[in-house]
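Comments concern the structure below.
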Amino acid sequence: MEFGPYLMLAMLEGAVLAAVLALMASGLSLTFGVMRVVNVAHGEFYMLGAVMAWFVAHLVGGGAAIAFIAAAVIAPLAVGAMAAAADMTILKRIDYDPERTIVATIGLLYVIQQVTLMTYGADARPVEPPFNSRIALPWFEWGEEGLALYYPWGLSTTSYKLFVIAAAAVLILAVRLFMTRTKAGLIMRATQLDSEMATAFGIPVERVYAAVFGIGAGLAALAGVLIVPVQQAHYLMGGDALLLSFIVVIIGGLGSMAGTIVAAILIGMSDGIISVFFSPTLAKILATLLVALVLVFRPQGLFGSRPR
Amino acid sequence: MLRIEGLTAGYGAATVLRDLTLSAAPGRITCLMGRNGAGKTTTLKAIMGLVRPQAGRIQLDDTVISDLSPHRVPAQGIGYVPQGRRLFGELSVAQNLRVGLMTRGSGAEVQEEVLDLFPRLRERMGQRADTLSGGEQQMLATARALCLRPRLLLLDEPTEGLQPSMIEAIRQVILTLRDRGAAVLLVEQRIDAVLAMADHVHLIENGRNLEDFDAAQLTRAPDRLRRHLGV
Ligand SMILES: Nc1ncnc2c1ncn2[C@@H]1O[C@H](COP(=O)(O)OP(=O)(O)O)[C@@H](O)[C@H]1O
Ligand SMILES: [Mg+2]
């Protein structure tokens with residue numbers, strides 16, 4: 001394949017990763033933004049979304065589309081409820097102390113991982129995509145009759161991958177509208193800005209925290225459901241996803257939604273392109289290097305505001 | 001009627017208030033005075049449930065509010081205008097008011113009533129709170145508290161750093177609220193302002209009651225207050 005079509009293929013793969021990453025990292029960013037805690041178990045909620053999608057798809061049966069829709073509804077709700085319960089039983093008890101929350105969520109990470117290993121097993125299992133037609137993509141060249149379109153061999157994507165990109169974009173927009181246009185979103189933002197004043201105006205801050213922790217986990221689970229038809233569900237898949245989410249959230253600026261989205265696109269696209277042209281390892285090395293540079297020269301992230 | 005009896009409270013291991021007793025009656029302005037660090041802000045926070053009592057109790061009419069969860073205290077009808085305003089800076093004026101309206105499920109008519117007291121805010125409803133001038137921010141902080149139709153209004157140095165015209169506007173609103181029958185508990189440092197408005201003054205030192213002045217005793221208050229506050 002020539003360079004142009006090859007680059008386009010790489011960018012499409014990158015866009016799928018960027019979309020899933022943006023969704024997952026926005027959950028992490030929301031949790032940090034409102035609660036000021038770092039959730040180390042975030043990657044496991046992503047893994048649980050994928051694994052539950054497999055369970056639900058197998059229990060429901062009856063066609064790939066129905067099974068997938070059931071998984072996309074049930075898995076995020078179940079994971080969100082589980083996370084909210086963990087918040088109320090664990091994080092509330094340690095008073096959302098930032099350091100102790102890191103330790104507690106590391107514990108949660110291992111519990112979730114081991115329980116998944118014991119019940120789901122060590123195999124990677126696929127979930128069938130609801131639809132998966134191959135779409136050949138055109139490329140152009142300058143011929144004797146000017147610009148001509150043609151379909152290079154190997155330049156194609158699937159309808160499902162395009163759907164993942166669109167679905168992630170719609171979901172992120174929905175989260176944004178929820179935060180800016182609804183009463184629940186107003187309550188969460190007031191809590192984020194000044195939790196003491198929120199309490200002084202009757203907002204039950206601890207319940208808000210449980211809801212935010214649940215929503216953050218639910219977004220990670222949704223990302224897991226979206227990726228599993230492309231990538232298969234495996235009990236260790238949360239690790240890489242967590243690392244990439246942290247990279248994105250740090251580069252974008254902790255707690256900044258817009259920064260998180262931009263950084264996810266940056267990291268996702270460059271990861272896709274570098275992986276295709278060079279190697280996935282180089283992509284991770286460069287991403288980690290970028291984080292180090294951001295931490296040194298702009299610790300608040302590209303879009304974060306300076307700590308006051 | 002607000003009654004604080006034998007209140008001991010503080011932050012973690014540090015005790016700030018010691019056996020403090022004070023009250024605020026409906027239709028009256030009660031002023032709380034004391035030097036910097038005397039515990040005035042801590043007293044208001046304790047009323048709101050934001051600082052937990054180690055001993056003593058806080059009662060509003062028949063309800064022991066010191067037994068309630070902190071987020072249930074404001075719904076008793078307690079509006080809090082904190083020191084330094086503490087607005088939700090990234091939210092609009094309208095959204096700040098909405099937080100106040102939600103506290104007791106007040107409707108749009110309450111917001112209209114409140115905005116009638118602060119016409120300047122009406123023109124700024126869509127603006128971010130942190131872009132308002134200092135005086136407008138104080139108006140918004142007061143308006144936000146009025147949105148829950150408080151029977152007890154707590155104000156912590158509401159005129160700190162404001163221009164005289166703004167101070168007068170805030171004063172007029174406080175007097176209006178008193179005339180409508182609310183109990184007003186005001187932390188204020190300017191002695192002349194206190195003497196012009198107060199029905200009752202509690203002077204505290206190191207978190208303890210030092211002296212009380214009721215309406216009849218206010219005439220001898222200026223000298224005592226000046227000497228104690230050192231102005
Ligand atoms: N969040 C806090 N944690 C610990 N100590 C505090 C805190 N806030 C205030 N204090 C202390 O409590 C005392 C009373 O403070 P405060 O109530 O703010 O006084 P005032 O409002 O009368 O100036 C001071 O000694 C202050 O240092
Ligand atoms: Mg004070």
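So for the range B:209-217 (the condition being in a helix (DSSP H, G or I) and within 16 Å of ligand 2 (Cβ to nearest atom)), does at least one residue qualify?
no
Restrict the check to the range A:264-283 and report whether at least one residue is farther than 21 Å from residue A:37 by Cα and among the acidic types (Asp, Glu).
yes
Report, by residue number, each residue of the range B:203-231 that is out of contact with any Asp or Glu (no Cβ under 9 Å at 6 or more places or on another chain), of a type in the set (S, T, N, Q) and at pLDDT 85 or above.
B:206
Evaluate the range B:73-85: report whether one residue or more is facing another protein chain (nearest Cβ under 7 Å), within 16 Å of ligand 1 (Cβ to nearest atom) and free of Cβ contacts under 8 Å to residues at least 24 places away in the same chain.
no
Does the range B:96-115 hold any residues that are away from every other protein chain (no Cβ under 14 Å) and among the hydroxyl-bearing types (Ser, Thr, Tyr), and which are they?
Matches in the range B:96-115: none.
Quick grid of which residues meet (1) within 30 Å of residue B:225 (Cα to Cα); (2) in contact with a Cys (Cβ under 9 Å, 6 or more places away or on another chain); (3) surrounded by fewer than 22 Cβ atoms within 10 Å (Cβ to Cβ):
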residue	(1), (2), (3)
B:90	no, no, yes
B:104	no, yes, yes
B:120	no, no, yes
B:140	no, no, no
B:154	yes, no, no
B:158	yes, no, no
B:166	yes, no, yes
B:176	yes, no, yes
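Name the one entry in A:230, A:170 that is at pLDDT 95 or above, over 15 Å from residue A:31 (Cα atoms) and under 16 Å from the mean Cα position of the chain (by Cα). Spell out how you get there, then give the answer.
On the way: A:230 fails: at pLDDT 95 or above.
Residue meeting the stated conditions: A:170.
Within the range A:188-203, is even one residue out of contact with any Phe, Trp or Tyr (no Cβ under 6 Å at 6 or more places or on another chain), away from chain B (no Cβ under 14 Å) and buried (at least 24 other Cβ atoms within 10 Å of the Cβ)?
No, because not a single residue in the range A:188-203 is out of contact with any Phe, Trp or Tyr (no Cβ under 6 Å at 6 or more places or on another chain), away from chain B (no Cβ under 14 Å) and buried (at least 24 other Cβ atoms within 10 Å of the Cβ).
Which one is nearest to residue B:15 (Cα to Cα) among residues in the range B:63-72 that are within 9 Å of chain A (Cβ to nearest Cβ) and of a type outside the set (Gly, Ala, Ser)? Let's see the steps before the verdict.
The initial filter retains those residues of the range B:63-72 that are within 9 Å of chain A (Cβ to nearest Cβ), namely B:69-72.
If we keep only those that are of a type outside the set (Gly, Ala, Ser) as well, we get B:70-72.
Details: B:70: 19, B:71: 23, B:72: 24 Å.
Result: B:70.
Answer yes or no: is there a residue in the range B:36-45 that is basic (Lys, Arg), free of Cβ contacts under 8 Å to residues at least 60 places away in the same chain and within 14 Å of ligand 2 (Cβ to nearest atom). Walk me through how you get there before you give the answer.
Here is the first cut: in the range B:36-45, the ones basic (Lys, Arg) are B:40, B:45.
With free of Cβ contacts under 8 Å to residues at least 60 places away in the same chain added as a condition, the list becomes B:45.
Checking the rest, the ones that are also within 14 Å of ligand 2 (Cβ to nearest atom) come to B:45.
Scanning the range B:36-45 turns up at least one residue that is basic (Lys, Arg), free of Cβ contacts under 8 Å to residues at least 60 places away in the same chain and within 14 Å of ligand 2 (Cβ to nearest atom).
I'd like the full set of residues that are farther than 13 Å from residue B:86 by Cα and more than 16 Å from ligand 1 (Cβ to nearest atom), limited to the range B:144-157. Don't jump to the end; show me each part of the working.
To start, the set of residues in the range B:144-157 that are farther than 13 Å from residue B:86 by Cα comprises B:146-154.
Answer for the range B:144-157, where residues must be farther than 13 Å from residue B:86 by Cα and more than 16 Å from ligand 1 (Cβ to nearest atom): B:146, B:147, B:148, B:149, B:150, B:151, B:152, B:153.
Given the criteria under 24 Å from residue A:246 (Cα atoms) and surrounded by fewer than 14 Cβ atoms within 10 Å (Cβ to Cβ), does residue A:61 qualify?
So residue A:61 does not fit the description; no.
Within the range B:82-139, count every residue that is part of a helix (DSSP H, G or I), over 22 Å from residue A:182 (Cβ atoms) and of a type in the set (Ser, Thr, Tyr).
So the answer is 1.
I want to confirm something. Restricting to the range B:176-194 and keeping residues that are touching a residue at least 40 places away in the same chain (Cβ under 8 Å) and more than 16 Å from ligand 1 (Cβ to nearest atom), which single residue is farthest from the other protein chains (Cβ to nearest Cβ)? Outline the logic, then answer.
Restricting attention to the range B:176-194, the residues satisfying the condition of being touching a residue at least 40 places away in the same chain (Cβ under 8 Å) are B:176, B:178-179, B:181-189, B:191, B:194.
Among the residues that remain, those that are also more than 16 Å from ligand 1 (Cβ to nearest atom) are: B:176, B:178-179, B:181-184.
Details: B:176: 22, B:178: 22, B:179: 25, B:181: 22, B:182: 17, B:183: 17, B:184: 17 Å.
Out of the qualifying residues, it is B:179.
Check whether at least one residue in the range B:88-108 is at positive phi and touching a residue at least 40 places away in the same chain (Cβ under 8 Å), and report yes or no. Steps first, please.
The initial filter retains those residues of the range B:88-108 that are at positive phi, namely B:105.
Keeping just the survivors that are touching a residue at least 40 places away in the same chain (Cβ under 8 Å) gives none.
No, the range B:88-108 contains no residue that is at positive phi and touching a residue at least 40 places away in the same chain (Cβ under 8 Å).
Could we say that residue A:173 is more than 14 Å from every other protein chain (Cβ to nearest Cβ) and within 23 Å of residue A:109 (Cα to Cα) here?
Details: more than 14 Å from every other protein chain (Cβ to nearest Cβ): yes; within 23 Å of residue A:109 (Cα to Cα): no.
The answer is no for residue A:173.
Mind listing whichever residues of the range A:1-38 are among the aliphatic types (A, V, I, L, M) and assigned to a loop (DSSP other than H, G, I, E, B)?
Restricting attention to the range A:1-38, the residues satisfying the condition of being among the aliphatic types (A, V, I, L, M) are A:1, A:7-12, A:15-25, A:28, A:30, A:34-35, A:37-38.
Scanning the range A:1-38 gives A:1, A:37, A:38.
Considering only residues that are away from chain A (no Cβ under 14 Å) and either within 16 Å of ligand 2 (Cβ to nearest atom) or in a helix (DSSP H, G or I) (or both), which ones fall in the range B:140-161?
Correct list: B:157, B:158, B:159, B:160, B:161.
The values are calculated or read from the model by the stated rules, or taken from the named source; none is laboratory data. Predicted model, so just to flag it, every value in this text is computed and none were measured. Virtual Cβ from ideal backbone geometry, glycine too; neighbours counted across all protein chains shown.
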